[in-house]
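Any read-out appearing in this document is the output of simple, stated calculations on the displayed coordinates, not a laboratory observation. Bear in mind that the values here come from a model prediction, so they are computed numbers and not experimental data. Cβ: placed from backbone, ideal geometry, glycine included. Neighbour counts: every protein chain shown.
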Amino acid sequence: MRRPDVRAFTIPVISALLAVVGMSGGHAADPAPLQLETKISLGRVVGRIDHMAVDLSRRHLFVAELGNDSVGIVDLEAKKVLDRITGLKAPQGVGYASSNDVLYVANAGDGSVRLFRGANFKEFGRIKLGEDADNIRIDTAGQRVFVGYGNGALAIIDAQSNRKIADMTLDGHPESFRLESGGHRVFVNVPDAHAVEVVDRNNGGTLAKWSTGALGSNFPMALDDASRQVIVVFRKPAMLVAFSIPDGANVASASTCGDADDVFADAKRHRVYVSCGDGFLDVFESHDTSYRRIGHIPTVSGARTSLYVPELDRLFLAVRARSQQPAELWVYRPSP
């Protein structure tokens with residue numbers, strides 16, 4: 001009987017083992033730049049999930065459950081849903097102001113911003129804006145709340161009186177927008193105008209319009225204060241583009257995942273995180289004039305909204321319900 005050639009089995013087995021553990025030259029592969037730390041069930045939540053906000057003092061995360069007409073309140077310490085605000089109308093944007101302990105919820109369905117106490121989540125006010133109330137940003141220093149809505153406006157709400165005090169006019173419906181740190185400018189994605197519009201938040205005047213050219217569907221936006229760049233992610237085609245804050249010059253670009261809805265800058269690690277509905281999280285390492293993708297992490301189709309909280313050093317990804325699996329909040333820890 002012919003004896004088997006041991007080498008014929010040994011070499012493939014060793015090669016397979018090396019491939020599995022990601023070893024090359026005797027060294028283990030670097031860990032993924034985002035490590036999935038835990039999953040928190042959101043319970044009976046159906047349909048699309050939109051944006052999130054955080055109350056750092058209480059460790060509460062607010063999740064706009066658009067398709068469910070509700071906002072979930074997640075206790076991050078206990079890792080469970082603490083409460084749920086129901087009876088809303090397609091909530092898209094949420095913002096928590098620590099200065100007055102108020103949660104603001106923008107409702108696309110009736111164009112209202114509803115106000116809730118941060119301590120007990122009781123509604124105590126409602127501000128009617130118009131149609132398609134959307135993203136919310138909090139100006140803590142100025143005690144103002146900015147809300148995008150309608151066919152082209154940012155509403156300014158005074159956080160002391162909780163009344164709308166002004167509108168800033170735009171050339172189309174505003175998607176993501178960001179408030180300049182230590183300055184007076186607001187950078188706004190206006191996909192219908194193929195532009196990023198820059199407005200003065202003190203007087204509402206338009207300061208600049210940066211054309212995006214052939215690039216379309218610019219929804220997510222982040223500010224990288226250290227590099228003085230506005231980071232915009234487009235869906236058509238799927239591109240990340242960095243614009244210079246001083247003059248709007250296009251300083252860097254890179255291909256990214258598809259159907260992006262959120263992007264965040266991690267100043268500590270000089271990274272950028274992009275969450276995409278095509279089922280991926282992309283991680284970029286940023287330099288002055290370049291963005292190199294260092295992570296393309298599989299998630300779930302439709303999981304396109306996220307929130308990076310630097311104070312907690314965590315990225316939260318909203319995962320809608322699928323098949324027999326309930327909606328969840330996936331918590332990622334950046335590494336290293």
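What is the extension gain from THR169 to ARG322, computed as 0.36 nm multiplied by their sequence separation minus the C-alpha to C-alpha distance, in nm to one decimal?
51.2 nm
Find the centroid of the Cα atoms in the range 146-204 and in the range 206-246, then give the distance between the two in whole Å.
16 Å
Using 0.36 nm per residue of separation minus the Cα-Cα distance, give me the extension gain between ASN100 and ASP75 in nm, one decimal.
7.0 nm
Among [x] 19.2, 60; [y] 22.0, 93; [z] 20.7, 63, which is the computed Rg and Dmax of the Cα atoms in Å?
Of the listed options [x] 19.2, 60; [y] 22.0, 93; [z] 20.7, 63, [y] comes from this structure.
What is the range 132-198 by shape, rounded, prolate or oblate, if you read a ≥ b ≥ c off the alpha carbon gyration tensor as root eigenvalues and call it rounded for a/c under 1.5, prolate for a/b larger than b/c, and oblate otherwise?
Numbers: a/c = 2.36, a/b = 1.43, b/c = 1.65.
Here the range 132-198 falls in the oblate category.
Which value at 222 nm does the chain reach when only helices count, each DSSP H run of 4 or more adding -39,500 (n - 2.57), with the total divided by all residues and rounded to the nearest 500 deg cm²/dmol? Please report the intermediate quantities before stating the final value.
Details: 1 runs with 16 residues, N = 336.
Here the helix-only value at 222 nm equals -1500 deg cm²/dmol.
In what sequence do LEU61, LEU103, LEU207 fall when counting other Cβ within 10 Å, fewest first?
LEU207, LEU103, LEU61
Between LEU36 and LEU82, how high is the FRET efficiency from 1/(1 + (r/R0)^6) when r is the Cβ-Cβ distance and R₀ = 25 Å? Nearest 0.05.
FRET efficiency, LEU36 to LEU82: 0.65.
How far apart, in nm, are the 7 Å Cα→Cβ label points at ASP288 and ASP313?
2.9 nm
With the Cα gyration tensor of the range 69-227 giving a ≥ b ≥ c as the square roots of its eigenvalues, does the rule (a/c under 1.5 for rounded; else a/b larger than b/c for prolate; else oblate) give rounded, prolate or oblate?
In terms of gyration-tensor shape, prolate.
Can you give me the angle between helix 6-21 and the longest principal axis of the chain, using Cα atoms only, in degrees from 0 to 90, rounded to the nearest 10?
10 degrees
So, R0 is 22 Å and r is the distance between the beta-carbons of ASP110 and ARG44; what FRET efficiency does that work out to, to 0.05?
0.45
Which shape class applies to the range 92-150: rounded if a/c is under 1.5, otherwise prolate when a/b exceeds b/c and oblate if not, where a ≥ b ≥ c are the square roots of the Cα gyration tensor eigenvalues?
It comes out oblate by the Cα gyration axes.
Run the numbers for ARG228 and THR206: contour at 0.36 nm per residue of separation, minus the present Cα-Cα distance, in nm.
My answer for the length gained is 5.9 nm.
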